[in-house]
Amino acid sequence: MTTRHLLTINDLDAAALHALLADARAAKADPTALYGALAGRTVLLHFTKASTRTRISIETAVVRLGGHPIFTRGDELQLGRGEPIADTANVVSRICDAIVIRTFAQADVEELARHATIPVVNALTDEHHPLQALADLMTIEEHLGALQGKTIAWIGDGNNVFHSLAQAAALAGMHVRIATPEGYEANPEIVGAAATVASAHGGSFSELRDPAEAVAGADVVVTDVFVSMGEEAQADEKFAAFDGYQVDAALMAQAAPTAIFMHCLPAHRGEEVSADVIDGPQSVVWDEAENRLHTSVAALRYLLG
Ligand code: CP
Ligand code: NVA
């Protein structure tokens with residue numbers, strides 16, 4: 001049997017995505033139903049970037065399934081002192097049952113997976129954040145019902161969180177609109193492939209400049225920080241470029257009256273979103289954060305059987 005990984009959302013097909021979301025709903029409805037699936041097993045969580053939600057949700061998911069998480073920060077593994085990724089993958093594969101990694105380069109996570117004989121889960125790279133996208137789709141379905149045909153408007157940076165959400169929304173047959181300033185568009189290869197997947201499933205893709213055009217009548221309005229982890233040196237130039245891209249009440253008012261606001265968090269009130277929107281009645285960010293747990297449980301079950 002080939003080892004399953006979750007390096008990007010493209011590791012799932014539509015059937016696997018919907019099954020995983022159904023499992024996450026079951027895990028949320030009855031957290032005890034899945035206890036024991038990882039009994040006696042260990043999962044290495046190796047993070048070289050900060051994390052609140054991803055770390056606590058995956059650690060809790062492993063424990064809920066009866067397993068034991070081993071959490072290590074950047075320089076705690078010999079990897080941080082130059083031990084090759086391949087050697088690390090070989091050793092961890094002999095002892096643990098899965099590796100969850102948060103780091104900078106997507107290529108490093110892919111190299112780890114090439115050499116591992118256990119599932120590797122991408123817990124965020126500069127390019128992708130698949131676990132976040134699973135929680136996002138679960139949250140949209142919870143609040144608005146069937147995903148297919150719903151319109152998502154992403155305002156701001158064409159970043160890692162967007163790439164994964166775009167891939168997931170495409171598989172679910174949603175209409176994805178993104179409004180970015182010039183120079184901060186999403187990766188064209190990822191967008192091109194996601195657009196093809198979206199149209200195969202009845203959805204569509206539009207790349208825009210104007211936030212108002214993206215948001216018009218949308219069911220879901222989403223944003224993320226303007227400055228991602230690792231981009232601190234570009235902060236001034238990014239803040240200047242993203243002037244006019246804040247999701248505020250005036251922008252939100254142009255979405256559908258039933259529209260929800262989402263943000264993967266952490267949020268910076270007054271930058272990418274105004275406080276009245278993120279703390280207002282259309283915001284579902286706390287459900288979105290909680291659903292990181294239920295979708296992590298489902299993802300581990302999918303990968304580890
Ligand atoms: N949304 C998210 O991944 O949050 P953390 O960086 O806190 O894990
Ligand atoms: N785009 C952000 C997401 C944090 C969860 C980052 O990469 O820092």
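Summarise the accessible area of the stretch 1-89 (1.4 Å probe, protein heavy atoms) by the percent that is carbon and sulfur.
Details: 2330 of 4410 Å².
C and S atoms contribute 53 percent here.
Return one number: the angle in degrees, 0 to 90 and rounded to the nearest 10, between the long axis of the Cα atoms of helix 106-115 and the longest principal axis of the Cα atoms of the chain.
The angle comes out at about 30 degrees.
What ³J(HN,Hα) values, in whole Hz, does the Karplus curve 6.51 cos²θ - 1.76 cosθ + 1.60 give for the stretch 186-194 when θ = phi - 60°, with x put for Gly and Pro?
Calculated HN-Hα couplings, in order: 5, 4, x, 5, 5, 5, x, 5, 5 Hz.
Keeping all protein chains in place and using 1.4 angstrom, which order do His18, His5, His129 fall into by accessible surface area, from largest down? Spell out each step's value before the answer.
Working: His18 80, His5 35, His129 5 Å².
Ranked list, largest accessible area first: His18, His5, His129.
Between Ala233 and Glu83, with labels modelled 7 Å along Cα→Cβ, what's the label distance in nm to one decimal, could you check?
Placing both labels 7 Å along Cα→Cβ, they lie 2.9 nm apart.
In square angstrom, what is the accessible area per residue of the stretch 81-161 with a 1.4 angstrom probe?
Details: 2770 Å² over 81 residues.
It amounts to 34 Å² per residue over the stretch 81-161.
For helix 85-95, report the angle its Cα long axis makes with the longest principal axis of the Cα atoms of the chain; keep it between 0 and 90° and round to the nearest 10°.
60
Once you have the Kirkwood Rh of the chain from its Cα pairs, apply Stokes-Einstein at 20 °C and 1.002 mPa s and quote D in µm²/s.
Values: Rh = 19.5 Å.
For these conditions, the coefficient is 110 µm²/s.
Over the stretch 167-295, with the other protein chains present, what is the accessible area per residue in square angstrom, probe 1.4 angstrom? All intermediate terms of the calculation are to be shown ahead of the outcome.
Values: 5310 Å² over 129 residues.
In whole numbers, the stretch 167-295 has 41 Å² accessible per residue.
Across the stretch 162-178, in residue order, what do the Karplus-derived ³J(HN,Hα) couplings come to in whole Hz, using 6.51 cos²θ - 1.76 cosθ + 1.60 with θ = phi - 60° and x for Gly and Pro?
4, 4, 6, 5, 4, 5, 5, 5, 4, 4, 8, x, 9, 9, 10, 10, 10
Modelling each spin label as a point 7 Å along the Cα-to-Cβ direction, I'd like the Ala16/Ile95 distance in nm, to one decimal.
2.8
What angle do you read, to the nearest 10 degrees and between 0 and 90, between the alpha-carbon axis of helix 130-144 and the longest principal axis of the chain?
Approximately 50 degrees, to the nearest 10.
Could you derive backbone 3J(HN,Hα) for the stretch 265-277 from the dihedral phi with the Karplus parameters 6.51, -1.76 and 1.60 (θ = phi - 60°), listing whole Hz in sequence and x where the residue is Gly or Pro?
For the stretch 265-277, the Karplus curve yields 6, x, 9, 10, 4, x, 9, 6, 8, 7, 4, 5, 7 Hz.
Restricting to bridges with both residues inside the chain, how much of the DSSP beta-bridge set is antiparallel, in percent to the nearest 5?
Working: 0 of 36 bridges.
In the chain, approximately 0 percent of DSSP beta bridges are antiparallel ones.
Springs between alpha-carbon pairs under 10 angstrom, Gaussian network model over the chain: which of Gln148, Gln132, Gln78 fluctuates most?
Top of the fluctuation ranking is Gln78.
The values are calculated or read from the model by the stated rules, or taken from the named source; none is laboratory data. A quick note: this is a predicted structure, and the numbers were derived from the prediction, not measured. So basically every Cβ, Gly included, is an ideal-geometry build from the backbone, and we count neighbours across all protein chains shown. Accessible surface areas use protein heavy atoms only, side chains included; no ligands, DNA or RNA. Shrake-Rupley method; radii C 1.70, N 1.55, O 1.52, S 1.80 Å.
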